[in-house]
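Have a look at the structure below before the remarks.
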Amino acid sequence: NDEIVFEAGKYTDISLMIKDNKTIVPQGTVVFNYTTPKNAINMVEDDSVLTIGDGIGGTLEIVGSGNGIYAINTDVTINFAENVTFYVHDSIMTDGLLSGNGISLNGNFDGSVNAGEGVVLKLMNNKAGIYTYGSDPGTQNGPIGFITINFDGCKLIDLSNNNGKGNGSGFHQGDGCYVDAVLNFENCEEIRINDNKTDAICFNNGSNVSNLNIINCPNVEMKANGSWGTNAGFANIVNTTLNISDNGIDPWDKVTTTGSNFYCDELTASNSTIIADNANANCGIWVAGPAIIENCDISAQNNAVVRIQKGGTLGVYDARSDSYDPARYRANYPYASGNGCYFGGETTILNTKINASNNMGAGIVFRNNLNEENVSRINTSTIIADKNGFGNLRTGGGAVGEHDYIYKAGISVIAGQVDVVDTYL
């Protein structure tokens, strides 16, 4: 049948194999639970489309499965119909990293996950909420997978409390390599991506596309995650309130020093409020490349306090070492400096208030890609960068150099210049 209807109640050890176009309709509250973990829903054929719900309502809850929804090497579309609730929790890792997840799409695939008006989507207390794995590092020359996530008009998206160490994120693309990803959150009433063991949103190595768009979302949280809020990507924040604070609680491996609240390759933000306070390890906002920020209210305060309290130090600036070098990572990586905001490329700030105070490193750093010809701009804005620079500079392995005091400033310019017009500093 094209439509499978489940009456309200509990069902044990169900495993559905989805081919072609199928609609699963929960009448009332339907619960799948498992005495032995297995994938609740397997999508096993290319170009299959799975729709959950009939637009009226209903709840499908999946408890203790291997994965809520699973596919590998298969092009799939997953749709959540209006007003449906889909809740996957306490999944169990039974067969390596591809299991234990809310939704797991892997291998050579082109997949999309779509949710519309009134949808409640909760993927919580799993290994990861939404998980992808392309291939093992070094086995491919480029992306072999592509995932697109479109959440538009949802009532609640909750990708919290996922507990895989190193791979336990709300959205996790960080194991293996070679999956491209586009994440679109638009017109959603409430988004929660909190208290994950790794990141709120983790992008991976080897990808050509890592895009995060949050548009017209009034209540977004990415708080208290173990390592990062976001760890890469091209971020576009429009008409949104984003609280991305308190991250880096338990950073793992080499992100012990660099785990930040909001890291991205490039940032565009407009008409938004962004709160990026209290990153335990490093920066509130860290943009590796260019940034355009307009009509925003930004707070990036009290960052790296916990790291310093635990005896950590700020990095030492080294213009010659602009790339990852494992032997010097903790000492000389120029961004591991506990700043409020770190802008790595040419940056434009217009009609915006930024409060970057009480950080262990500098309040705001402008790097301009280490190019003395580059110019960043601040126009008709309010910039507060007060009482920064309380962190300890590294002294082991050599004397503190003259450049290192950039980490003691309110505003630091490493290279190029910053033009400031009609602005309160």
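Just so it is clear, none of the values below were taken in a lab; they were calculated from the coordinates. Given the structure is predicted, the values throughout are model-derived calculations rather than measurements. Virtual Cβ from ideal backbone geometry, glycine too; neighbours counted across all protein chains shown.
In this Cβ point-charge picture (+1 for Lys and Arg, -1 for Asp and Glu), the stretch 115-213 has a dipole of about 320 debye about its Cα centre.
Dividing the alpha-carbon radius of gyration of the stretch 151-215 by the rule-of-thumb value 2.2 N^0.38 Å gives 1.14. Summary of the geometry: the stretch 358-372 and the stretch 173-193, compared by the centres of their Cα atoms, lie 28 Å apart. Amide H contacts of W228: D199, A200, G248, each under 5 Å away and 5 or more positions distant or on a separate chain (H built 1.01 Å from N in the peptide plane; Pro and chain starts excluded). Across the stretch 50-166, Cα-Cα pairs farther apart than 21 Å form 37% of the total.
Its residue count N fixes a reference of 2.2 N^0.38 Å for the stretch 1-113, and the Cα radius of gyration divided by that reference is 0.98. Ordering S91, F80, N67 by Cα displacement along the dipole of the stretch 1-99 toward the positive end leaves S91 in first place; charges were set at the Cβ atoms of Lys, Arg (+1) and Asp, Glu (-1). Ranked by the mean number of other Cβ atoms within 10 Å per residue, highest first, peptides 415-421, 291-297, 257-263 order as 257-263, 291-297, 415-421.
Between E45 and L370, the FRET efficiency from the beta-carbon distance, with R0 = 45 Å, is close to 0.35. Got a sec? Which residues in the stretch 337-355 would a label at N379 touch, if it sits 7 Å along Cα→Cβ and we count backbone N under 12 Å? 348-352, by backbone N distance to the label point. Dividing the helix sum by the residues of the chain, where each DSSP H run of 4 or more adds -39500 (n - 2.57), gives a mean residue ellipticity at 222 nm of -500 deg cm²/dmol.
With Cα atoms defining each centre, the stretch 226-271 and the stretch 134-169 are spaced 15 Å apart in the structure. Here the 3J(HN,Hα) profile of the stretch 269-274, calculated from phi with Karplus coefficients 6.51, -1.76 and 1.60 at θ = phi - 60°, is 9, 8, 6, 9, 10, 10 Hz, Gly and Pro shown as x. Note on the stretch 15-58: Rg/Rh from Cα positions, Kirkwood definition for Rh, rounded to two decimals, is 1.01. Modelled spin labels at T94 and D250, positioned 7 Å past Cα toward Cβ, are 2.5 nm from each other. A Cβ-based charge dipole, computed about the Cα centre of the stretch 127-285 with Lys and Arg at +1 and Asp and Glu at -1, lands at about 200 debye. Across the stretch 63-73, coupling constants 3J(HN,Hα) worked out from phi with the 6.51/-1.76/1.60 Karplus curve, θ = phi - 60°, read 10, x, 7, x, 9, x, 10, 9, 8, 9, 6 Hz, and Gly and Pro carry x. Extent along the principal axes, Cα only, for the stretch 121-245: 41, 26, 22 Å, with the longest axis given first. Quick one: which residues, 5+ away or cross-chain, put their amide H under 5 Å from the amide H of T241? H built at 1.01 Å from N. Residues meeting the criterion, in which the H sits 1.01 Å from N, are C217, N219, V220, T273.
When the convex hull of its Cα atoms is viewed from all sides, the chain shows a mean projected area of 19.8 nm². Evaluated with a Cβ-only charge set (Lys, Arg +1; Asp, Glu -1), the chain carries a dipole of roughly 1540 debye about its Cα centre, given to the nearest 20.
For the stretch 29-133, GluC sites (Glu not before Pro) meeting the loop criterion (DSSP other than H, G, I, E, B) and having at most 14 other Cβ atoms within 10 Å: E45, E117. Computed FRET efficiency, Cβ-Cβ of N21 and K408, R0 60 Å: what is it to the nearest 0.05? Efficiency computed from Cβ-Cβ geometry: 0.45.
Put simply, the amide H of E82, placed in the peptide plane, has neighbours under 5 Å in G55, leaving out anything fewer than 5 places away on its chain. When DSSP beta bridges are limited to those with both residues in the stretch 133-197, what percentage is antiparallel, rounded to the nearest 5? Antiparallel bridges: around 10 percent, rounded to the nearest 5.
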